[in-house]
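For reference, the structure is listed below as structure tokens.
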Amino acid sequence: VIEGSYAENAKLQEEDIIIEIDGRNISGLDEQSISNLISTLSPGSKVNLKIWRNKEIKNFFITLD
């Protein structure tokens, strides 16, 4: 988790695995595809991240700049 990043602001932890972004399953996507997906979202959007952490699924929300 990079200091000052969306991940840090959303309280994500180093071992978290993002499994969905705004209801879109990202398993199997490479980093570029995920980056492209995020770039389609509008600034100011509230985005739901579904995370796998400690054998549980958790939801986090971030607001894009």
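The values are calculated or read from the model by the stated rules, or taken from the named source; none is laboratory data. Everything quoted here is computed from the prediction, not taken from an experiment. Every residue, glycine as well, gets a Cβ built from its backbone with ideal geometry; the counts of neighbours run over all protein chains shown. Please note that ligands, DNA and RNA were not included when accessible areas were found on the heavy atoms of the full protein model with its side chains. Shrake-Rupley method; radii C 1.70, N 1.55, O 1.52, S 1.80 Å.
Side notes on the structure shown:
- Any hit, region 48-55, residues being closer than 19 Å to Gly4 by Cβ, within 12 Å of the chain's Cα centre (by Cα) and free of Cβ contacts under 8 Å to residues at least 12 places away in the same chain: no
- Residue satisfying all of: in region 7-55; open to solvent by 90 Å² or more (accessible area, probe 1.4 Å) and part of a helix (DSSP H, G or I); modelled with the highest pLDDT among these: Gln32
- Inside region 56-65, residues that are within 12 Å of the chain's Cα centre (by Cα) and not in a loop (DSSP other than H, G, I, E, B) make up a count of 6.
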